[in-house]
Amino acid sequence: MVQGTVDISVWITTYNHEQYIVQAIESVLMQQTTFSYEIIIGEDCSTDGTRAIVERYKNQYPDKIRLLLPDTNLGMVPMTKASYALCTGRYIAWLDGDDYWTEPHKLQQQVEFLETHPTFSFCFHKVVVLNQLDGSKFESYDPQLEGANNVLSTKHFIRISNPVYALSVVHRNVLGDALPNWLFTLPYPDWGFYLALSQLGDAKYLGQSMGVYRIHKNGAYSGQTLNHNYNEAIRFFTLLEGPFQKEFGRLISGVIRYYRTRLFRINLKCFRLQEAAKHGFLLLLSAYGRAA
């Protein structure tokens, strides 16, 4: 990846977001900045009208928007890798096609922070969570970092929940083509990105709400069951044991035990006894290993 002359690459990936993608793109176009920016959109062969919409915007803004339009569906991880490679700005701002920004100075504020704080690799902010399944709306919780002044290092990303909403991220374009191979083996590559970035500098949490994250039935995470998501979390942290075992092995093991305990209880309650027994057995093995 060779950095170009643009200051900010706004990175959007989208699939079947016909209802939402216009609001996402318009929330970028409303940004008021003293920095130059481009919009990179990876559209993964949607089965609805998403592709036609992004093509229309490309025709309207040919100098600002670049598209990745594969002939066949790539899937989340290959699309992440392919579209990220097109981001050549000094900074990269993230936005999924079903979310949107609400503050016209969002990019300006975040880039100004990074410009004046060179030891930070990225910053992120509070969002409004809009649950379209039940109609509720609430502000995201602040990361619980006692005494840390809203500064996160690698250890703060090895926890039971991801503290970052992707739509809030602006980071330095410091990973380049040297993206670690382990990142693209993970079920949650965004969380993996934060871990990779955190090894190159701290992250700063900004308490202002500047965007909306949607929960809906077709969401990559929110559209799945707890059982599925907890199993994926175990797979995520098990894969991290390789690159992070030496320094953070105990933290990783603790998170895996948490999810196994939850899965044991969920499956026992639902009388999925074989699945419950599997997680119970693995918890016993883990306890034996700690005792040894």
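The values are calculated or read from the model by the stated rules, or taken from the named source; none is laboratory data. Treat the numbers as computed from the prediction; the structure is a model and nothing was measured. Don't worry about glycine lacking a Cβ; one is built from the backbone with ideal geometry, like all the others, and counts go over all protein chains shown. These area figures cover heavy atoms from the full protein model, side chains too; ligands, DNA and RNA do not enter into them. Shrake-Rupley method; radii C 1.70, N 1.55, O 1.52, S 1.80 Å.
Within the range 119-154, track down each residue that is over 19 Å from SER209 (Cβ atoms), surrounded by 13 or more Cβ atoms within 10 Å (Cβ to Cβ) and either without any contact (Cβ under 8 Å) to a residue 24 or more places away in the chain or among the charged types (D, E, K, R) (or both). If the condition is that a residue be over 19 Å from SER209 (Cβ atoms), surrounded by 13 or more Cβ atoms within 10 Å (Cβ to Cβ) and either without any contact (Cβ under 8 Å) to a residue 24 or more places away in the chain or among the charged types (D, E, K, R) (or both), then ALA148 is the only one that fits.
In summary, helices (runs of 4 or more DSSP H) completely within the range 1-103 and bearing 1 or more residues that are under 22 Å from THR185 (Cα atoms) occur at 76-84. The residue list ILE266, ILE256, ILE252 contains one member that is open to solvent by less than 60 Å² (accessible area, probe 1.4 Å) and modelled with pLDDT under 90, which is ILE266. Being closer than 25 Å to TRP191 by Cα, touching a residue at least 24 places away in the same chain (Cβ under 8 Å), open to solvent by 20 Å² or more (accessible area, probe 1.4 Å) and part of a helix (DSSP H, G or I) is a description that applies to GLY242. If you go through the range 116-131 one residue at a time, do you hit one that is under 25 Å from GLU247 (Cβ atoms), in a loop (DSSP other than H, G, I, E, B) and among the hydroxyl-bearing types (Ser, Thr, Tyr)? The answer is yes; a qualifying residue exists.
Restricting the range 98-111 to residues that are touching a His at 6+ places or on another chain (Cβ under 9 Å) and farther than 16 Å from GLN23 by Cα, the residue that is surrounded by the most Cβ atoms within 10 Å (Cβ to Cβ) is GLN110.
For TYR37, the test of being among the hydroxyl-bearing types (Ser, Thr, Tyr) and in contact with a Lys or Arg (Cβ under 8 Å, 6 or more places away or on another chain) is passed. Among the residues of the range 1-46, the ones that are open to solvent by 30 Å² or more (accessible area, probe 1.4 Å), β-branched (Val, Ile, Thr) and under 13 Å from LEU69 (Cα atoms) come to 1 in all.
Is it the case, given these coordinates, that ASP63 is touching a Ser or Thr at 6+ places or on another chain (Cβ under 9 Å), of a type in the set (D, E, K, R) and open to solvent by 50 Å² or more (accessible area, probe 1.4 Å)? Considered against the rule, which asks whether it is touching a Ser or Thr at 6+ places or on another chain (Cβ under 9 Å), of a type in the set (D, E, K, R) and open to solvent by 50 Å² or more (accessible area, probe 1.4 Å), ASP63 comes out as no. Taken as a whole, the condition of being modelled with pLDDT under 90, assigned to a loop (DSSP other than H, G, I, E, B) and farther than 30 Å from GLN31 by Cβ applies to GLN224.
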